[in-house]
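What follows is a single structure, written as structure tokens, with notes after it.
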Amino acid sequence: MFGLGPTELLIILGVVLLIFGPSKLPEVGRAIGRGIREFRSAAKDIEEAAQAPDEEESTKE
């Protein structure tokens, strides 16, 4: 229901192409990729930090 179908992706790609132009498209893609990678890394770090105190408490008992 909330997913993006092929039609929506083509429309978004067309709008991005019109706004940034074909020469800037690879640069925009790289920036988005870096942002997603950093977000995943930060989420993983937070998840590990949240689980670390739980593991320490269980080993003390």
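Using beta carbons and a limit of 8 Å, which pairs, at least six apart or on different chains, have the first residue in the range 10-26 and free of Cβ contacts under 8 Å to residues at least 40 places away in the same chain and the second one of a type in the set (V, I, T)?
From residues that are free of Cβ contacts under 8 Å to residues at least 40 places away in the same chain, the pairs are V16/V28; F20/V28; L25/V16.
Looking at T59, is it hydroxyl-bearing (S, T, Y), part of a helix (DSSP H, G or I) and modelled with pLDDT under 90?
Values: hydroxyl-bearing (S, T, Y): yes; part of a helix (DSSP H, G or I): yes; modelled with pLDDT under 90: yes.
Taking the combined requirement at face value, the residue satisfies it.
In the range 1-37, which residues are assigned to a helix (DSSP H, G or I) and of a type in the set (K, R)? Full working, then the answer.
First pass over the range 1-37, keeping only residues assigned to a helix (DSSP H, G or I): 6-20, 25-37.
Within the range 1-37, R30, R34, R37 qualify.
The values are calculated or read from the model by the stated rules, or taken from the named source; none is laboratory data. If you're wondering where the values come from, they're calculated on a predicted model, not measured in any experiment. Positions of Cβ are backbone-derived with ideal geometry, glycine not excepted, and every protein chain shown enters the neighbour counts.
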